[in-house]
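The values are calculated or read from the model by the stated rules, or taken from the named source; none is laboratory data. Keep in mind the model is a prediction, meaning the values are calculated, not measured. Cβ placement follows ideal geometry from the backbone for every residue including glycine, while neighbour counts extend to all protein chains displayed. Only protein heavy atoms, including side chains, enter the accessible area calculation; ligands, DNA and RNA are left aside. Shrake-Rupley method; radii C 1.70, N 1.55, O 1.52, S 1.80 Å.
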Amino acid sequence: MKDEFIDSQLHEILHFTPDISSAVQKKINNAYAQIKEMGNESDRSNILRCKPRISIYLGLAASIVLVLGLIGFNNPVMAAKIPFIGRIFNEIETHVGYPGNFSENAIVMNSDSYSQTVDGVTITLSEASYTKMALYYSLELYCEEGFPEDFNRVKNMEEYILPYDILNMHSTQSFDFTQADPEKYPAKLISQPIDEGLPIPTSIEGNYINSNTFLGIIRVDLSIVMDILAVNELPPEFIYSFTIDKFWGELNEFKDIKITHPDTGEVSIIKDAINKYYEGPWSFTVPVTLDQASAQTIEINETNSDGVGISTVTKTNYEINAEIILPEGADRADYIVAITDADGKILNSQGGYAQIYSTYGRNTDTVYIYVVDYYTYMDECKAENVYLLPEKALFQTKLEW
């Protein structure tokens, strides 16, 4: 049976470095000499005589390419591009805090257009996958000097429980809707700096493939953008720009930090991890075409007697979100919208947004939606007490897709 290799095994095979003994080197030199000698022969008139000669050429060339190719694949610069660019989603899409089958809907980027190098660090935008509610991008981060081993906690830290590593980053971004309806998408709102309200990715989640290469995914939430613009959906096409100003990871080294209590004046000493920073900027501008068609939205528009309920529920390929209805003057932060799958198990949050839930690996053909008072949820309905949601909810509904 033909051997099948997963991506990580393929990477290991391609990066195998053979021992080049003096005997092997002598054979390579002899092969080159034979090619040169045959290339100098003048008798090429007989086609039939040339055919075996061509076969010899190809055989010798293939041998040299095989040996030199194996050597070349061990070169870190080449390793940064083979075989992951355009296939990162497939490699790590389940090893992040916002998993999904992104590879099934991936748009492969042109690595020549979306690759930038600053001070020996190359960031390449590899793929994109878009939904009505979020933008997902895969990236390759390649460091010529190699990343510190301390960054790779999945491999090197025994007590580390996550299946992925995290690089923190400071970034800026903008949305250009100038080709859309200017009344619906006013420029003064969409051109806001990130610090004035637009959501921003603050980390890259993924795995280290080797000491030089980190494969990661970022998620850009669109729900807050829609809230700011007071719209139910964004235009199907727009321009998204983002810049990674710097990124960093924690070393297993610590420094003492003095903390002074504001009331008593008491001074405490705490240990704080030392970070290693990589300064950019790395900037990318990407035309976006949203996958609006795959999103399913069901209108509920029901409330309890106090005016608490659900207006709409939207489900995409990767996430599900229920929009809450509250009485005038109520504070959104006082309520939790919880969603369970067809088996009654609570869904996991998607991308750090507590009430946008991941559908990955779950049966969400039927879902149960609950609006619960914040403190009731936190004190009585979390974790193993999820079974109390039907009893404690202020409002609840069942949906079948």
Looking at Val372, Val367 in this structure, which one is in contact with a Cys (Cβ under 8 Å, 6 or more places away or on another chain), surrounded by 18 or more Cβ atoms within 10 Å (Cβ to Cβ) and not hydroxyl-bearing (Ser, Thr, Tyr)? Val372
Does Ser241 qualify as being exposed (fewer than 14 other Cβ atoms within 10 Å of the Cβ), part of a strand (DSSP E or B), in contact (Cβ under 8 Å) with a residue 40 or more places away in the chain and touching a strand residue (DSSP E or B) at 6+ places or on another chain (Cβ under 6 Å)? yes
Taking the criterion of being outside any strand (DSSP E or B) and on the phi > 0 side of the Ramachandran plot, would at least one residue in region 300-320 satisfy it? yes
Expected output for region 112-136 (first residue more than 30 Å from Thr359 (Cβ to Cβ) and hydroxyl-bearing (Ser, Thr, Tyr), partner modelled with pLDDT of 95 or more and open to solvent by 10 Å² or more (accessible area, probe 1.4 Å), Cβ below 6 Å, 6+ apart or cross-chain) is Thr122/Tyr142
Among the candidates Ile194, Ile200, Ile224, single out the residue that is farther than 19 Å from Lys246 by Cβ, open to solvent by 10 Å² or more (accessible area, probe 1.4 Å), modelled with pLDDT under 95 and among the β-branched types (Val, Ile, Thr). Ile224
For residues that are under 27 Å from the mean Cα position of the chain (by Cα) and either open to solvent by 90 Å² or more (accessible area, probe 1.4 Å) or under 30 Å from Ala106 (Cα atoms) (or both), tally how many sit in region 262-294. 18
Considering only region 206-235, how many residues are assigned to a helix (DSSP H, G or I) and out of contact with any helix residue (DSSP H, G or I) (no Cβ under 7 Å at 6 or more places or on another chain)? 5
Glu323 is checked against (1) open to solvent by less than 60 Å² (accessible area, probe 1.4 Å); (2) in contact with a strand residue (DSSP E or B) (Cβ under 6 Å, 6 or more places away or on another chain) and fails just one. What number does that condition carry? (1)
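Open to solvent by less than 20 Å² (accessible area, probe 1.4 Å), of a type outside the set (S, T, N, Q), in contact with an Asp or Glu (Cβ under 8 Å, 6 or more places away or on another chain) and on the phi < 0 side of the Ramachandran plot: which single residue out of Phe214, Phe247 fits that description? Break it down stepwise before answering.
On the way: Phe247 fails: in contact with an Asp or Glu (Cβ under 8 Å, 6 or more places away or on another chain).
Residue meeting the stated conditions: Phe214.
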Contact list please: Cβ distance under 7 Å, first residue in region 266-278 and in a strand (DSSP E or B), second residue open to solvent by 90 Å² or more (accessible area, probe 1.4 Å) and acidic (Asp, Glu), pairs at least six apart or on different chains. Ile269/Asp256; Lys271/Asp256; Ile274/Glu253
Do we find that Ile259 is surrounded by 15 or more Cβ atoms within 10 Å (Cβ to Cβ), part of a strand (DSSP E or B) and β-branched (Val, Ile, Thr) in this structure? no
So, Ala230, is that one closer than 19 Å to Ile356 by Cβ and at pLDDT 90 or above or not? no
Name, by its number, the condition in (1) in contact (Cβ under 8 Å) with a residue 60 or more places away in the chain; (2) more than 23 Å from Tyr318 (Cα to Cα) that does not hold for Glu183. (1)
Within region 331-352, is there a residue that is charged (D, E, K, R) and either touching a residue at least 40 places away in the same chain (Cβ under 8 Å) or crowded, with 22+ Cβ neighbours inside 10 Å (or both)? yes
